[in-house]
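The values are calculated or read from the model by the stated rules, or taken from the named source; none is laboratory data. The structure displayed is predicted, hence computed values, not measured ones. No Cβ is skipped: glycine too gets one built from the backbone with ideal geometry, and neighbour counts run over all protein chains shown.
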Amino acid sequence: MLMGVMMNLPVRPRRNRKSAAMRGLMRETTLSAANLIYPMFVQDGDENTPIESLPGCTRWCVADIAAECRRLYELGIPCVDLFAVVPEHKKDAQGTEAWNPQGVVPRAIAAIKAEVPEMLVMTDVALDPFNTYGQDGIVREYEDGSYEILNDETVEALCRQALCHARAGADVISPSDMMDGRIAALRAALDAEGFTGVSLLSYTAKYASAYYGPFRGALGSAPKFGDKKTYQMDPANVREAVREALLDSAEGADMLMVKPATLYLDVVSELRRHTQLPIAAYHVSGEYLMLKAAAASGWLDERSCMLEALLSIRRAGADMILTYAAPQVAEWLREEE
Ligand code: PBG
(Lines give C-alpha, C1' and ligand atoms only; values in the text may rest on other atoms or scores of the structure.)
Protein backbone atom coordinates (compact mmCIF):
# COMPACT_ATOMS: atom_id res chain seq x y z
CA MET A 1 0.00 0.00 0.00
CA LEU A 2 1.20 3.52 -0.89
CA MET A 3 -0.03 4.89 2.45
CA GLY A 4 0.47 8.65 2.33
CA VAL A 5 2.75 8.40 -0.67
CA MET A 6 2.28 10.95 -3.43
CA MET A 7 3.52 9.68 -6.79
CA ASN A 8 5.75 12.05 -8.74
CA LEU A 9 3.38 12.15 -11.70
CA PRO A 10 3.09 15.48 -13.55
CA VAL A 11 1.19 13.91 -16.45
CA ARG A 12 -2.23 12.75 -15.26
CA PRO A 13 -4.68 12.07 -18.14
CA ARG A 14 -7.50 11.63 -15.62
CA ARG A 15 -7.56 15.44 -15.13
CA ASN A 16 -9.27 15.64 -18.53
CA ARG A 17 -11.98 13.24 -17.39
CA LYS A 18 -12.73 14.73 -13.98
CA SER A 19 -16.27 16.02 -14.63
CA ALA A 20 -19.05 15.84 -17.19
CA ALA A 21 -18.24 19.39 -18.28
CA MET A 22 -14.55 18.57 -18.72
CA ARG A 23 -15.36 15.38 -20.62
CA GLY A 24 -17.70 17.38 -22.84
CA LEU A 25 -14.89 19.77 -23.74
CA MET A 26 -12.63 16.89 -24.74
CA ARG A 27 -15.18 14.86 -26.70
CA GLU A 28 -13.84 14.05 -30.16
CA THR A 29 -16.90 12.46 -31.73
CA THR A 30 -20.61 13.20 -31.64
CA LEU A 31 -23.71 11.29 -32.65
CA SER A 32 -26.79 13.19 -33.73
CA ALA A 33 -30.08 12.39 -35.42
CA ALA A 34 -28.80 14.48 -38.33
CA ASN A 35 -26.32 11.66 -39.06
CA LEU A 36 -28.99 8.96 -39.31
CA ILE A 37 -30.68 7.30 -42.27
CA TYR A 38 -33.63 5.01 -41.52
CA PRO A 39 -34.14 1.94 -43.74
CA MET A 40 -37.88 1.33 -44.26
CA PHE A 41 -39.83 -1.53 -45.85
CA VAL A 42 -42.89 -0.85 -47.98
CA GLN A 43 -45.51 -3.33 -49.17
CA ASP A 44 -48.72 -3.55 -51.22
CA GLY A 45 -52.12 -3.53 -49.58
CA ASP A 46 -53.39 -1.49 -46.67
CA GLU A 47 -51.78 -3.19 -43.70
CA ASN A 48 -48.71 -2.45 -41.61
CA THR A 49 -47.09 -5.63 -40.33
CA PRO A 50 -44.42 -5.91 -37.65
CA ILE A 51 -41.22 -7.66 -38.76
CA GLU A 52 -40.45 -10.60 -36.51
CA SER A 53 -36.77 -10.77 -37.46
CA LEU A 54 -36.29 -7.02 -36.87
CA PRO A 55 -38.07 -6.14 -33.62
CA GLY A 56 -39.29 -2.54 -33.71
CA CYS A 57 -39.44 -2.44 -37.53
CA THR A 58 -42.52 -2.60 -39.75
CA ARG A 59 -43.50 -3.40 -43.30
CA TRP A 60 -45.45 -0.25 -44.13
CA CYS A 61 -48.27 0.20 -46.58
CA VAL A 62 -48.02 3.17 -48.93
CA ALA A 63 -50.99 4.88 -47.28
CA ASP A 64 -49.27 5.03 -43.86
CA ILE A 65 -45.57 5.39 -44.66
CA ALA A 66 -45.89 9.12 -45.39
CA ALA A 67 -47.39 9.97 -41.99
CA GLU A 68 -44.66 7.92 -40.31
CA CYS A 69 -42.06 9.89 -42.30
CA ARG A 70 -43.53 13.14 -40.97
CA ARG A 71 -43.08 11.83 -37.42
CA LEU A 72 -39.49 10.75 -38.20
CA TYR A 73 -38.66 14.11 -39.75
CA GLU A 74 -39.98 15.87 -36.67
CA LEU A 75 -37.72 13.62 -34.58
CA GLY A 76 -34.78 15.01 -36.56
CA ILE A 77 -34.18 12.14 -38.99
CA PRO A 78 -33.34 13.72 -42.35
CA CYS A 79 -33.40 10.69 -44.67
CA VAL A 80 -35.17 7.37 -45.19
CA ASP A 81 -34.04 4.48 -47.43
CA LEU A 82 -36.85 2.51 -49.09
CA PHE A 83 -36.89 -1.26 -49.70
CA ALA A 84 -39.69 -3.08 -51.54
CA VAL A 85 -41.47 -6.11 -50.15
CA VAL A 86 -42.53 -7.99 -53.31
CA PRO A 87 -45.13 -10.79 -53.27
CA GLU A 88 -43.98 -14.03 -54.97
CA HIS A 89 -46.53 -13.68 -57.81
CA LYS A 90 -44.94 -10.38 -58.89
CA LYS A 91 -41.44 -11.85 -59.17
CA ASP A 92 -40.05 -13.10 -62.49
CA ALA A 93 -36.66 -14.21 -63.82
CA GLN A 94 -35.70 -10.69 -64.95
CA GLY A 95 -37.08 -8.82 -61.94
CA THR A 96 -39.20 -6.53 -64.17
CA GLU A 97 -41.31 -5.33 -61.22
CA ALA A 98 -38.20 -3.34 -60.19
CA TRP A 99 -38.95 -0.67 -62.81
CA ASN A 100 -42.76 -0.77 -62.77
CA PRO A 101 -43.84 2.90 -62.42
CA GLN A 102 -46.87 1.66 -60.43
CA GLY A 103 -44.65 -0.42 -58.15
CA VAL A 104 -44.69 -0.03 -54.41
CA VAL A 105 -41.46 2.01 -54.21
CA PRO A 106 -42.36 4.75 -56.75
CA ARG A 107 -45.79 5.07 -55.11
CA ALA A 108 -44.22 5.38 -51.67
CA ILE A 109 -41.71 7.99 -52.89
CA ALA A 110 -44.52 10.12 -54.29
CA ALA A 111 -46.61 9.76 -51.11
CA ILE A 112 -43.71 10.74 -48.84
CA LYS A 113 -42.67 13.69 -51.02
CA ALA A 114 -46.28 14.96 -51.02
CA GLU A 115 -46.58 14.70 -47.22
CA VAL A 116 -43.12 15.82 -46.11
CA PRO A 117 -41.18 17.32 -49.03
CA GLU A 118 -38.15 18.14 -46.83
CA MET A 119 -37.53 14.46 -46.04
CA LEU A 120 -34.72 13.07 -48.21
CA VAL A 121 -35.94 9.93 -49.90
CA MET A 122 -33.28 7.41 -50.82
CA THR A 123 -34.06 4.16 -52.61
CA ASP A 124 -32.29 0.83 -52.78
CA VAL A 125 -31.41 -0.25 -56.30
CA ALA A 126 -30.80 -4.00 -56.82
CA LEU A 127 -32.87 -6.88 -58.17
CA ASP A 128 -32.94 -9.40 -55.31
CA PRO A 129 -36.40 -8.54 -53.91
CA PHE A 130 -37.83 -8.65 -57.45
CA ASN A 131 -36.43 -11.73 -59.20
CA THR A 132 -37.28 -15.34 -58.52
CA TYR A 133 -33.62 -16.11 -57.74
CA GLY A 134 -33.12 -13.71 -54.84
CA GLN A 135 -29.91 -12.58 -56.55
CA ASP A 136 -29.04 -8.90 -56.93
CA GLY A 137 -28.47 -9.22 -60.66
CA ILE A 138 -29.67 -10.97 -63.80
CA VAL A 139 -28.99 -14.70 -63.66
CA ARG A 140 -27.96 -16.96 -66.54
CA GLU A 141 -28.42 -20.66 -65.86
CA TYR A 142 -26.38 -23.29 -67.69
CA GLU A 143 -27.27 -26.87 -68.64
CA ASP A 144 -24.85 -28.35 -66.12
CA GLY A 145 -26.72 -26.61 -63.30
CA SER A 146 -24.17 -23.85 -62.84
CA TYR A 147 -25.15 -20.20 -63.07
CA GLU A 148 -23.66 -16.76 -63.49
CA ILE A 149 -24.72 -13.28 -62.41
CA LEU A 150 -24.39 -11.20 -65.59
CA ASN A 151 -22.71 -7.85 -65.03
CA ASP A 152 -23.48 -5.62 -67.99
CA GLU A 153 -27.07 -6.85 -68.45
CA THR A 154 -27.66 -6.19 -64.74
CA VAL A 155 -26.29 -2.65 -64.97
CA GLU A 156 -28.79 -1.90 -67.74
CA ALA A 157 -31.64 -3.18 -65.55
CA LEU A 158 -30.40 -1.11 -62.58
CA CYS A 159 -30.48 2.02 -64.77
CA ARG A 160 -34.14 1.32 -65.57
CA GLN A 161 -34.92 0.86 -61.88
CA ALA A 162 -33.06 4.05 -60.89
CA LEU A 163 -34.83 6.12 -63.57
CA CYS A 164 -38.18 4.79 -62.35
CA HIS A 165 -37.31 6.01 -58.83
CA ALA A 166 -35.96 9.37 -60.03
CA ARG A 167 -39.13 10.02 -62.05
CA ALA A 168 -41.17 9.38 -58.89
CA GLY A 169 -39.11 11.99 -56.99
CA ALA A 170 -36.24 10.12 -55.27
CA ASP A 171 -33.43 12.36 -53.97
CA VAL A 172 -30.74 9.70 -53.64
CA ILE A 173 -30.24 6.42 -55.50
CA SER A 174 -28.35 3.78 -53.58
CA PRO A 175 -27.19 0.78 -55.65
CA SER A 176 -26.55 -2.20 -53.35
CA ASP A 177 -25.73 -4.75 -56.06
CA MET A 178 -21.88 -4.55 -56.35
CA MET A 179 -21.81 -4.86 -60.17
CA ASP A 180 -18.81 -3.30 -61.94
CA GLY A 181 -19.29 0.06 -63.66
CA ARG A 182 -22.76 0.76 -62.35
CA ILE A 183 -21.97 4.17 -60.87
CA ALA A 184 -20.80 5.62 -64.20
CA ALA A 185 -23.75 4.02 -66.00
CA LEU A 186 -26.30 5.26 -63.44
CA ARG A 187 -24.82 8.79 -63.51
CA ALA A 188 -25.02 8.87 -67.32
CA ALA A 189 -28.58 7.50 -67.37
CA LEU A 190 -29.80 9.99 -64.75
CA ASP A 191 -28.08 12.95 -66.40
CA ALA A 192 -29.42 12.01 -69.84
CA GLU A 193 -32.96 12.40 -68.47
CA GLY A 194 -32.15 15.69 -66.74
CA PHE A 195 -31.84 14.22 -63.21
CA THR A 196 -28.53 15.97 -62.58
CA GLY A 197 -29.61 16.77 -59.02
CA VAL A 198 -30.27 13.16 -58.02
CA SER A 199 -27.39 11.86 -55.87
CA LEU A 200 -25.66 8.49 -55.93
CA LEU A 201 -24.75 6.77 -52.67
CA SER A 202 -22.70 3.78 -53.76
CA TYR A 203 -22.50 0.58 -51.76
CA THR A 204 -18.75 0.69 -52.38
CA ALA A 205 -17.56 -1.99 -49.99
CA LYS A 206 -20.45 -4.36 -49.43
CA TYR A 207 -19.23 -7.63 -48.01
CA ALA A 208 -20.65 -11.13 -48.54
CA SER A 209 -21.73 -11.12 -44.90
CA ALA A 210 -23.74 -13.64 -42.92
CA TYR A 211 -25.24 -10.75 -40.96
CA TYR A 212 -27.90 -9.92 -43.58
CA GLY A 213 -30.08 -12.84 -42.49
CA PRO A 214 -32.81 -10.93 -40.61
CA PHE A 215 -33.16 -8.46 -43.52
CA ARG A 216 -33.62 -11.28 -46.02
CA GLY A 217 -36.23 -12.72 -43.66
CA ALA A 218 -38.05 -9.37 -43.64
CA LEU A 219 -38.19 -9.22 -47.44
CA GLY A 220 -38.36 -12.93 -48.30
CA SER A 221 -35.36 -12.21 -50.54
CA ALA A 222 -32.82 -14.86 -49.54
CA PRO A 223 -31.00 -16.39 -52.54
CA LYS A 224 -32.88 -19.46 -53.79
CA PHE A 225 -29.57 -21.14 -54.55
CA GLY A 226 -25.89 -20.38 -54.20
CA ASP A 227 -24.50 -17.29 -52.55
CA LYS A 228 -23.47 -13.73 -53.48
CA LYS A 229 -19.70 -14.19 -53.38
CA THR A 230 -19.03 -13.43 -57.07
CA TYR A 231 -20.16 -9.85 -56.52
CA GLN A 232 -20.16 -9.01 -52.79
CA MET A 233 -16.69 -8.69 -51.27
CA ASP A 234 -14.67 -11.24 -49.35
CA PRO A 235 -14.77 -10.36 -45.61
CA ALA A 236 -11.01 -11.01 -45.53
CA ASN A 237 -10.15 -7.99 -47.71
CA VAL A 238 -9.53 -4.33 -47.07
CA ARG A 239 -7.23 -3.18 -49.93
CA GLU A 240 -9.96 -4.28 -52.32
CA ALA A 241 -12.32 -1.81 -50.60
CA VAL A 242 -9.92 1.03 -51.34
CA ARG A 243 -9.77 -0.08 -54.96
CA GLU A 244 -13.58 -0.02 -55.18
CA ALA A 245 -13.66 3.40 -53.49
CA LEU A 246 -11.23 4.92 -55.99
CA LEU A 247 -13.29 3.52 -58.87
CA ASP A 248 -16.58 4.80 -57.43
CA SER A 249 -15.10 8.28 -56.91
CA ALA A 250 -13.80 8.35 -60.47
CA GLU A 251 -17.19 7.17 -61.77
CA GLY A 252 -18.98 10.02 -60.03
CA ALA A 253 -20.37 8.68 -56.75
CA ASP A 254 -21.47 11.43 -54.34
CA MET A 255 -21.11 9.26 -51.22
CA LEU A 256 -19.56 5.90 -50.43
CA MET A 257 -20.82 3.15 -48.15
CA VAL A 258 -19.27 0.39 -46.07
CA LYS A 259 -21.49 -2.51 -45.05
CA PRO A 260 -21.77 -4.07 -42.46
CA ALA A 261 -20.52 -1.38 -40.07
CA THR A 262 -19.29 -2.40 -36.61
CA LEU A 263 -17.50 -5.52 -37.88
CA TYR A 264 -15.80 -3.43 -40.59
CA LEU A 265 -14.68 -0.30 -38.75
CA ASP A 266 -11.15 -0.75 -40.12
CA VAL A 267 -12.62 -0.51 -43.62
CA VAL A 268 -14.45 2.70 -42.70
CA SER A 269 -11.27 4.29 -41.40
CA GLU A 270 -9.23 3.08 -44.36
CA LEU A 271 -11.70 4.67 -46.80
CA ARG A 272 -11.70 7.82 -44.68
CA ARG A 273 -7.94 8.10 -45.31
CA HIS A 274 -8.17 7.44 -49.05
CA THR A 275 -11.08 9.60 -50.19
CA GLN A 276 -12.55 13.03 -49.57
CA LEU A 277 -16.09 11.81 -50.25
CA PRO A 278 -18.65 11.54 -47.44
CA ILE A 279 -18.84 8.02 -46.02
CA ALA A 280 -21.90 6.11 -44.90
CA ALA A 281 -21.88 2.88 -42.91
CA TYR A 282 -24.77 0.42 -42.74
CA HIS A 283 -25.36 -1.06 -39.28
CA VAL A 284 -27.03 -4.11 -40.78
CA SER A 285 -29.90 -6.28 -39.63
CA GLY A 286 -27.71 -8.88 -37.89
CA GLU A 287 -25.74 -6.23 -36.01
CA TYR A 288 -29.02 -4.65 -34.86
CA LEU A 289 -30.60 -7.95 -33.94
CA MET A 290 -27.63 -9.10 -31.85
CA LEU A 291 -28.06 -6.05 -29.62
CA LYS A 292 -31.86 -6.29 -29.52
CA ALA A 293 -31.75 -9.97 -28.63
CA ALA A 294 -29.11 -9.55 -25.93
CA ALA A 295 -31.08 -6.62 -24.48
CA ALA A 296 -34.36 -8.56 -24.61
CA SER A 297 -32.80 -11.35 -22.55
CA GLY A 298 -31.56 -8.78 -20.05
CA TRP A 299 -27.86 -9.36 -20.62
CA LEU A 300 -27.05 -5.98 -22.18
CA ASP A 301 -28.44 -2.51 -21.66
CA GLU A 302 -30.07 -1.68 -24.98
CA ARG A 303 -29.79 2.08 -24.89
CA SER A 304 -26.17 2.42 -23.88
CA CYS A 305 -24.99 -0.48 -26.06
CA MET A 306 -26.79 0.81 -29.15
CA LEU A 307 -25.48 4.36 -28.66
CA GLU A 308 -21.95 3.03 -28.10
CA ALA A 309 -22.11 0.91 -31.27
CA LEU A 310 -23.27 3.86 -33.36
CA LEU A 311 -20.72 6.21 -31.81
CA SER A 312 -17.96 3.75 -32.68
CA ILE A 313 -19.05 3.89 -36.32
CA ARG A 314 -18.80 7.70 -36.26
CA ARG A 315 -15.41 7.53 -34.51
CA ALA A 316 -14.07 5.25 -37.26
CA GLY A 317 -14.85 8.01 -39.75
CA ALA A 318 -18.41 7.56 -41.02
CA ASP A 319 -20.44 10.71 -41.61
CA MET A 320 -23.79 8.90 -41.91
CA ILE A 321 -25.18 5.73 -40.39
CA LEU A 322 -27.99 3.61 -41.76
CA THR A 323 -29.65 1.96 -38.78
CA TYR A 324 -32.91 0.25 -37.86
CA ALA A 325 -32.57 1.94 -34.48
CA ALA A 326 -32.81 5.45 -35.96
CA PRO A 327 -36.25 6.42 -34.52
CA GLN A 328 -35.41 5.09 -31.07
CA VAL A 329 -31.96 6.68 -31.11
CA ALA A 330 -33.39 10.04 -32.18
CA GLU A 331 -35.74 9.87 -29.18
CA TRP A 332 -32.90 8.97 -26.80
CA LEU A 333 -30.71 11.79 -28.12
CA ARG A 334 -33.56 14.24 -27.69
CA GLU A 335 -33.92 13.21 -24.03
CA GLU A 336 -30.21 13.82 -23.48
CA GLU A 337 -30.35 17.38 -24.87
C1 PBG B 1 -29.82 -6.42 -51.17
C2 PBG B 1 -29.59 -5.82 -49.83
C3 PBG B 1 -29.27 -6.55 -48.68
C4 PBG B 1 -29.20 -5.64 -47.65
C5 PBG B 1 -29.46 -4.37 -48.17
N6 PBG B 1 -29.69 -4.50 -49.55
C7 PBG B 1 -29.11 -8.00 -48.47
C8 PBG B 1 -28.19 -8.75 -49.34
O9 PBG B 1 -27.31 -8.19 -50.00
O10 PBG B 1 -28.36 -9.95 -49.41
C11 PBG B 1 -28.90 -6.02 -46.23
C12 PBG B 1 -29.35 -5.09 -45.18
C13 PBG B 1 -29.32 -5.63 -43.81
O14 PBG B 1 -28.96 -6.79 -43.53
O15 PBG B 1 -29.71 -4.86 -42.92
N16 PBG B 1 -29.46 -5.76 -52.29
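The residue that is farthest from Leu322 (Cα to Cα), among those in segment 189-242 that are within 13 Å of the ligand (Cβ to nearest atom) and of a type in the set (Phe, Trp, Tyr), is Tyr231.
For segment 114-182, the strands (runs of 3 or more DSSP E) that sit wholly inside it and include 3 or more residues that are more than 25 Å from Ile279 (Cβ to Cβ) are 138-141, 147-150. Within segment 30-59, restricting attention to residues that are without any contact (Cβ under 8 Å) to a residue 40 or more places away in the chain and part of a strand (DSSP E or B), the residue that is nearest to the chain's Cα centre (by Cα) is Thr58. Within segment 247-258, one or more residues are crowded, with 23+ Cβ neighbours inside 10 Å, within 13 Å of the ligand (Cβ to nearest atom), among the hydrophobic types (A, V, I, L, M, F, W, C) and outside any helix (DSSP H, G or I).
Scanning segment 293-324 for residues that are buried (at least 19 other Cβ atoms within 10 Å of the Cβ), in a helix (DSSP H, G or I) and within 16 Å of the ligand (Cβ to nearest atom) yields Met306, Ala309, Leu310, Ile313. In this structure, Pro175 does not satisfy being under 24 Å from Met255 (Cα atoms) and free of Cβ contacts under 8 Å to residues at least 12 places away in the same chain. Against the criterion of being under 20 Å from Ser209 (Cα atoms), modelled with pLDDT of 95 or more and among the acidic types (Asp, Glu), Glu287 qualifies. Among the residues in segment 273-281, are any within 16 Å of the ligand (Cβ to nearest atom), crowded, with 19+ Cβ neighbours inside 10 Å and more than 13 Å from the chain's Cα centre (by Cα)? Checked segment 273-281: no residue is within 16 Å of the ligand (Cβ to nearest atom), crowded, with 19+ Cβ neighbours inside 10 Å and more than 13 Å from the chain's Cα centre (by Cα). Of the residues making up segment 211-230, those that are part of a loop (DSSP other than H, G, I, E, B) and within 30 Å of Thr49 (Cβ to Cβ) are Gly220, Ser221, Ala222, Pro223, Lys224, Phe225, Gly226, Asp227, Lys228.
Pairs linking a residue in segment 179-201 that is closer than 20 Å to Glu244 by Cβ to a residue that is acidic (Asp, Glu) and modelled with pLDDT of 95 or more, with Cβ atoms under 6 Å and 6 or more positions apart or on different chains, are Ile183/Asp248; Ile183/Glu251; Ala184/Glu251; Ser199/Asp254; Leu200/Asp254. Free of Cβ contacts under 8 Å to residues at least 60 places away in the same chain, part of a helix (DSSP H, G or I), under 19 Å from the mean Cα position of the chain (by Cα) and within 14 Å of the ligand (Cβ to nearest atom): is that true of Tyr288 in this structure? Spelling it out, it is not the case that Tyr288 is free of Cβ contacts under 8 Å to residues at least 60 places away in the same chain, part of a helix (DSSP H, G or I), under 19 Å from the mean Cα position of the chain (by Cα) and within 14 Å of the ligand (Cβ to nearest atom).
On the basis of being out of contact with any Gly (no Cβ under 7 Å at 6 or more places or on another chain) and modelled with pLDDT of 95 or more, does Tyr207 make the cut? Judged against the criteria, Tyr207 is a match.
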